[in-house]
Ligand code: GLU
């Protein structure tokens, strides 16, 4: 099975797996999960855990209601709860002789290339020291605009950065269904997805979006990032005891198969951005040029959406708003608004200074 052959596995667990509806911590579950991890490790597999629960555990300690928390309060609660979370892991994992470490990430840590390489090195060093990194978003300083917002996308970025073979999103349903399983008895579990756009085109995710904290949409976004960067992804039910063992034995989950990616590491990083800052809408001529591996020039841009700086991640969409590529912009959105539709030779005159002639250089761009 695919999981058995994975050298690096990232496993994401949500708050609802650690804390039940009565706000009791699911220690038994975590103990069984630790045994799962122990088995993977004894098979020489490297494991990273992305765990939510800082706010949930902070709320339990302080006897607060999560739903009533304003942002600044929830940041303070996350700061209190993160220690509780790590203490919980430390206590339970040490019984299996598993060493753990903590990595708290902010969006820039993965979206800026240099910082993402630093993070990669830290993960590698922790593997060498035989410690299991437990990752969460640094909720104590992140505000809405600069947040991953959900740990599904964070986990997919961690998987890409660490070159993981498989990402497992442990959810509260068995996987992806063709209909909402909570509303339709005849909903069927989709066991395998090889081509996201093709295989899922007849599914309406609007009514399907209530499971898991990030919902099914963030899981599919994570799946897209994984497929493009050459990592397989599994959505499985984490509520069962020993969920990883269950995946291996019962295979009752959704597996997103990724083709082997021919992209180099930098291009994988570009395509897996979790926070493109804006969009460029391009005409048919420019789209054709992109398909032929050419750079994006100002002349082919019809519209700019969003506000971004030079060097930021952006999406490139065709006239019908279908995403055709992602890349790093060589100009800010304000500059592009001035030069769009113009020939590259005119850029210097319009902006009043010398700049690049491509808006997105082909080396900074990946087709979707
Ligand atoms: N980082 C948040 C926490 O630890 C959770 C985010 C999520 O569940 O997706 O509470």
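Applying the condition of being crowded, with 18+ Cβ neighbours inside 10 Å, in a loop (DSSP other than H, G, I, E, B) and modelled with pLDDT of 95 or more to region 273-309 and asking which residue is nearest to the chain's Cα centre (by Cα) yields 308. Of all residues in region 36-75, those being more than 16 Å from the ligand (Cβ to nearest atom) and crowded, with 18+ Cβ neighbours inside 10 Å number 6. Could you list, in sequence order, the residues of region 163-179 that are on the phi < 0 side of the Ramachandran plot and either more than 23 Å from the chain's Cα centre (by Cα) or surrounded by fewer than 18 Cβ atoms within 10 Å (Cβ to Cβ) (or both)? Within region 163-179, 172, 178, 179 meet the criteria. Residues in region 144-167 that are in a loop (DSSP other than H, G, I, E, B), away from the ligand (no atom under 13 Å from the Cβ) and either within 16 Å of residue 102 (Cβ to Cβ) or in contact with a helix residue (DSSP H, G or I) (Cβ under 8 Å, 6 or more places away or on another chain) (or both): 162, 163, 164. Selection of region 104-120 for residues being in contact (Cβ under 8 Å) with a residue 60 or more places away in the chain and under 15 Å from the mean Cα position of the chain (by Cα) yields 107, 110, 111, 116.
Look through 124, 108 and report the one residue that is closer than 21 Å to residue 79 by Cβ and either in a helix (DSSP H, G or I) or more than 14 Å from the ligand (Cβ to nearest atom) (or both). Going through 124, 108 in turn, just one is closer than 21 Å to residue 79 by Cβ and either in a helix (DSSP H, G or I) or more than 14 Å from the ligand (Cβ to nearest atom) (or both): 108. Under 8 Å between Cβ atoms, which residue pairs at least 6 apart in sequence (or on different chains) link something in region 14-43 that is free of Cβ contacts under 8 Å to residues at least 24 places away in the same chain with a partner that is within 16 Å of the ligand (Cβ to nearest atom) and in a helix (DSSP H, G or I)? The qualifying pairs are 26/17; 26/18. Just one of the listed residues (66, 95) is farther than 11 Å from residue 140 by Cβ, at pLDDT 95 or above and in contact with a helix residue (DSSP H, G or I) (Cβ under 9 Å, 6 or more places away or on another chain), and it is 95. In region 251-271, the qualifying residues are those that are under 11 Å from residue 231 (Cα atoms) and part of a loop (DSSP other than H, G, I, E, B), and the one that is modelled with the lowest pLDDT is 260.
The values are calculated or read from the model by the stated rules, or taken from the named source; none is laboratory data. Because the structure is predicted, anything quoted here is derived from the model rather than measured. Ideal geometry is used to build each Cβ from the backbone, glycine not excepted, and the neighbour counts take in all protein chains shown.
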